[in-house]
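What follows is a single structure, written as C-alpha cells, with notes after it.
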Amino acid sequence: MLETTATTAWRGFPAATTMIPPAIVLVLCLVPSLVPRPALAPASLAHPRAQSTQNPDERPEVKTLIDELATHVKAKGEKDAEAIGVLDKLVQQFPNSGPKDRVAIVKAVSDCFDAKRVKELEQGVPDDRLYQAAATALGVMGPESVKSLTALIGDKNHRKNLRLQQRLALSLGKTKSADGLKTLLMLLKNKDAPMQAAGAEALANFFDVDLETRKTIFEELLKTLMDQKAKKDNVTDLEAQERWNTISGPLMETLQKLSGHTEADPEQWQRWWNDNKKKDWATKAG
C-alpha cells in the first residue's frame, strides 16, 4: 500500500506527520515494475530507464527547474514549501529525460540534503519536510539515484533522524537496483529495530528478480527472523521482545513476497526453507 506520509510506522514507532505532495504519490503509483530477466548477473536488476537513450537531453525546462530548486533551498527553510513543489515537477520530468538530464536531476535533489535546517515542526521533531520529499523523489529515480541513497543511509549529518533514515531505506528498495542490495542486507543487522524493519520492507521490492538472488535475500531474512526469535524467547529480555514486535511482521511479509509461500510461524518458515532451498520456485513470486 502506498503511503502519503513521509515514513512508514511500525509497532511502537509513530509515522511522520509530514505529507508528501499528491503528485509525487501519483508518480510513485505509476512507476513501472521491473521486467523479469533470466540472467543472474547484476544487470538483470537494472531499472529499465537505465537502458533508455531515446529521451531528449539538456532540456531548458529541466535546467530552469533545477535552478529554481537551488534558489528555494538556499532560503534557509523559508521557501521549503516551494522547493518541495519543484521536487514534484522534477519527479514528473525524470522519466522523460535523457541520461545527462537524469544525472543532473538526481544531483539537484541530492543537494537538498546539504542544506541546514534547524527549525522544529514541534518540540523534538525536526523540520525535515524538504529531506523527506527529496528522499521520496530519489526512490523513483533509480538507478541514477542509488549512489546518493546509499551514501545518505548512515550519513553523519542525518543518521540521528531515524524516520528520515527509514524513508531513505525504503526509497533505496524502490530503485530495485542490485547496487543497493548490500546496503539493504546490512540493515538487517542494524542496531535500531526500525531500521531493521525498513530494510526488510525495502527488500520486498526484489520479488521479481532471478531466483538465485531471491534465495540469497530470503536466507538472510530468515536468519534475522530466527536469531531474534531465539532472543525474544528469553522472557526476561524485554528489549528483545520489543525488537521482535517491530521487525517480525516486515520480515515475514517479505519472506512471503519473495517466495510466493505463506506461513504464520517462524518455525514453519524454517521448515519450508529446509525443504525448498534447492528447489525451483515460481518465476515471479510476487
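Couple of notes before you dig in:
- For region 245-277, applying the loop criterion from DSSP together with a ceiling of 14 other beta carbons within 10 Å to the trypsin sites (Lys or Arg not before Pro) yields Lys277.
- Neighbour-limited loop hits for chymotrypsin sites (Phe, Trp or Tyr not before Pro), region 239-286 (at most 13 other Cβ within 10 Å; DSSP other than H, G, I, E, B): none
- Reachable aspartates and glutamates from Lys232, criterion Cα separation under 16 angstrom, eight or more residues apart if same chain: Asp192, Glu242, Asp265, Glu267
- Residue exposure proxy: Thr224, Thr64, ordered by other Cβ atoms within 10 angstrom of their Cβ from fewest to most, comes out as Thr64, Thr224.
- Straight-line cross-link partners of Lys76 among the aspartates and glutamates, defined as a Cα under 19 Å from its Cα and at least 8 positions apart when in the same chain: Asp67, Glu68, Asp111, Asp114, Glu120, Glu122, Asp127, Asp128.
- Full-extension gain in nm, Thr64 to Gln92, via 0.36 nm per residue minus C-alpha separation: 8.7 nm
- Taking a ≥ b ≥ c as the square roots of the eigenvalues of the Cα gyration tensor, an a/c ratio of 1.5 or more together with a/b no larger than b/c marks region 75-205 as oblate.
- Inter-label distance, Asp275 to Lys156: 5.2 nm, where each label sits 7 Å from its Cα along the C-beta direction.
- The trypsin sites (Lys or Arg not before Pro) of region 127-213 meeting both criteria, a DSSP state outside H, G, I, E and B (loop) and at most 12 other C-beta atoms within 10 angstrom of the site's C-beta, are Lys156, Lys160, Lys191.
- Here the label points at Asp237 and Glu212, each 7 Å from Cα along the C-beta direction, are separated by 3.5 nm in the simple model.
- The ranking of His261, His72 from fewest to most other beta carbons within 10 Å of each one's beta carbon is His261, His72.
Bear in mind these aren't lab numbers, they're just calculated from the coordinates by the rules spelled out. Keep in mind that what you see is a predicted model, and the values were worked out from it rather than measured. Here Cβ is always computed from backbone atoms with ideal geometry, including for glycine, and neighbour counts include all displayed protein chains.
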